Amino acid sequence: MKALQTMHGFSPSMREMHGGRAAPTDRARRPAEDQDRGLARDAFMPGKPAATPNVAKEGPNLRKHPDGQANEAKTAYIAPEIIQRLVKIGDFAALLTLAVFLTVPFMRDAYQTTLVGFFALTLTFTTLVVLRAAGLYEISAITAPVRNIPKAVLLLSLVGLAGFALLHAILPVSGWQRLACWTVLGGAWMALSRTGLALWAIPKAKAGAFRLRIAIVGGGEAAEEAIDTLESSPGLDVEIVGLFDDRHDERSPEHIRRYRKLGRIADLNDYARHNRVDLVIVAIPLSAEERLLHILKRLWELPVDIRISGQASRLKLSPRAYDYLGNLPLLAVFDKPLGTWGWFVKEVFDRVVAALLLILFAPVMAAVALAIKLESPGPVLFRQKRYGFNNELIEVYKFRSMYVDRCDANASRLVTKDDPRVTRVGRFIRKTSLDELPQLFNVLKGELSLVGPRPHATQAKAADALYQEVVDGYFARHKVKPGITGWAQINGWRGETDTYEKIINRVKYDLEYIENWSIWFDIYILLMTPIALFSRKNAEHAY
């Protein structure tokens, strides 16, 4: 187990002891060399060739399921807990409002107001607890409204009956009319909200949006035990896409049950970048430390949860040491950044704030567009292919800052100070980062985030080498969406990357941001960005 305790040797982990997260202001004051505690220093050696997936190529020639269907999913995964939490919030708000409305006439003095307020909260909370206990917040219930809406209305009525009977016993007023209104109006809310939700959820469920797609690394007995446990777990909606293993002998057959070996472990990186994989389960005994470390070092760049099967080892830990997927015990190794609820909060925050900023900066953007058009002929916007989340290619918008005939779409040549390709207007908007404002449209499209690692062009270089050739583990910065601004930028690492040191430090800060993300961290970076723009350090940033 000692080797497993040194996993941080290749997995950047910069979590500080501030409730599990580092305080941004404290990090900003510390010297840069003190901030890479837990970072794999040897993985960031300048000039060291990096073993990275070839993202420019098509995916590997992977086998199909025995039934002939390819392992593909076009629909993004939607975590059921997000839907469940949103439905509970909606029910709580609606039912609490209804309960307060129906009991307002009872609020005749301070005592009765307090009592009735407590009653309204208790009635609402009890209703949600009963609905949850009946399984009516499960995706299977949401996608079967005909069977479950009557059940929800019945339970709501029974809870209301008990509640209003108790209220009638405490206060010398009649509550039966209120009970009738609670049943009718509450039942109408349940029927309308569940019907509308079902119209959205049923097509998503048919497309597999709520089904967890799992890749299993390993083969033989350990993988077979994990598959048996998953398949025998009741009510578990998962899909095993296949197996990946480097071994080709009796210890790792070409198929287990109906699941085929889709390739070597190195193929999983490419497969996950072209197909949806939500969870990787490593079915390797913990006793095989060297092999386990070798496998995990090749997988940690993937933006998915990575777990070790607890059944794969004779060493049995306390049940509290495991997470469980159905009946399968799992040891957490790497977590997908942000998590399910954090991802949702960040998505909503990005879209709302981006829309507000577009309205706020509309006059500025119009003025910049006019200045560009007056100075040189050509389009106002410049589009460039860059790597986005999970190394997917996206088209990023910028205000054009170069002469049309001198634009470098691949950024194969760095922009330098006094670069003759840059126009006078372009020089100003690059220094002030006004050229980045059109990227707010990328945020609305869901391709960028307001805050995150800056997206780099496909051929961007540090000195004479591609970024991924300089920094081993470079693609780990793509485990989240790229951003318009980021932790690296407000710490001075915006600008041309004419040395290895500059890209190394950028990536270091990018990984620190990913490890310590919170919505408050995003807000802090956004507030600090205008201040960072006044700094002249690296103001001529790379194209």
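The values are calculated or read from the model by the stated rules, or taken from the named source; none is laboratory data. Source: prediction; values computed, not measured. Cβ atoms come from the backbone with ideal geometry, glycine included; neighbour counts cover every protein chain shown.
Observations on the structure shown:
- Residue match in the range 531-539 (condition: at pLDDT below 80, part of a helix (DSSP H, G or I) and farther than 22 Å from residue 430 by Cβ): no
- If you go through the range 353-385 and pick out every residue that is closer than 29 Å to residue 458 by Cα and among the β-branched types (Val, Ile, Thr), you end up with 4.
- Output for the range 134-156, where each listed residue is surrounded by fewer than 17 Cβ atoms within 10 Å (Cβ to Cβ), of a type outside the set (A, V, I, L, M, F, W, C) and assigned to a helix (DSSP H, G or I): 140, 147, 150, 151
- Residue among 455, 420, 438 that alone is in contact with a strand residue (DSSP E or B) (Cβ under 6 Å, 6 or more places away or on another chain), modelled with pLDDT under 90 and either assigned by TED's automatic domain parsing to the domain that holds residue 520 or aliphatic (A, V, I, L, M) (or both): 455
- Matching residues, the range 212-237, being farther than 20 Å from residue 284 by Cβ and touching a helix residue (DSSP H, G or I) at 6+ places or on another chain (Cβ under 8 Å): 235, 236, 237
- Some residue of the range 499-506 being closer than 26 Å to residue 351 by Cα and among the aromatic types (Phe, Trp, Tyr): no
- Answer from 90, 163, 196, 187 - the residue that is closer than 27 Å to residue 237 by Cα and touching a helix residue (DSSP H, G or I) at 6+ places or on another chain (Cβ under 7 Å): 90
- Restricting the range 466-483 to residues that are touching a strand residue (DSSP E or B) at 6+ places or on another chain (Cβ under 6 Å) and not in a helix (DSSP H, G or I), the residue that is surrounded by the most Cβ atoms within 10 Å (Cβ to Cβ): 481
- Test: residue in the range 129-150 that is in contact (Cβ under 8 Å) with a residue 60 or more places away in the chain, within 14 Å of residue 95 (Cα to Cα) and over 30 Å from the mean Cα position of the chain (by Cα): no
- Residue 221 vs. criteria without any contact (Cβ under 8 Å) to a residue 24 or more places away in the chain, part of a helix (DSSP H, G or I) and out of contact with any Cys (no Cβ under 8 Å at 6 or more places or on another chain): yes
- Qualifying residue in the range 200-212 (condition: at pLDDT below 90, of a type outside the set (Asp, Glu) and within 30 Å of residue 112 (Cα to Cα)): no
- Pair list, Cβ < 7 Å and 6+ apart or interchain, from the range 111-126 residues that are within 13 Å of residue 167 (Cβ to Cβ) to residues that are outside any helix (DSSP H, G or I): 112/171; 116/107
- Every residue from the range 369-385 that is surrounded by fewer than 21 Cβ atoms within 10 Å (Cβ to Cβ) and part of a strand (DSSP E or B): 381, 383, 384, 385
- Looking only at the range 484-499, and only at residues there that are of a type outside the set (Gly, Ala, Ser) and surrounded by fewer than 20 Cβ atoms within 10 Å (Cβ to Cβ), the one that is farthest from residue 440 (Cα to Cα): 499
- Checking each residue of the range 174-186 against the condition of being modelled with pLDDT of 90 or more, outside the structural domain of residue 285 (by TED's automatic domain parsing), hydrophobic (A, V, I, L, M, F, W, C) and on the phi < 0 side of the Ramachandran plot gives at least one match.
- Residue check for residue 170: surrounded by fewer than 16 Cβ atoms within 10 Å (Cβ to Cβ), at pLDDT 90 or above and either of a type in the set (Val, Ile, Thr) or closer than 30 Å to residue 340 by Cβ (or both): no
- Hits in the range 113-142 - residues which are among the polar types (S, T, N, Q) and either modelled with pLDDT of 95 or more or in contact with a helix residue (DSSP H, G or I) (Cβ under 6 Å, 6 or more places away or on another chain) (or both): 124, 126, 127
- Total residues in the range 317-357, condition assigned to a strand (DSSP E or B) and within 14 Å of the chain's Cα centre (by Cα): 1
- Test: residue in the range 180-194 that is closer than 30 Å to residue 87 by Cα, buried (at least 20 other Cβ atoms within 10 Å of the Cβ) and of a type in the set (Gly, Ala, Ser): yes
- Given (1) of a type in the set (Val, Ile, Thr); (2) part of a loop (DSSP other than H, G, I, E, B); (3) modelled with pLDDT of 75 or more, index of the condition residue 504 fails: (2)
- Filter result for residue 268 (crowded, with 20+ Cβ neighbours inside 10 Å, hydrophobic (A, V, I, L, M, F, W, C) and modelled with pLDDT of 80 or more): yes
- Number of the exception - residue 290 against (1) modelled with pLDDT under 85; (2) within 21 Å of residue 473 (Cα to Cα); (3) under 26 Å from the mean Cα position of the chain (by Cα): (3)
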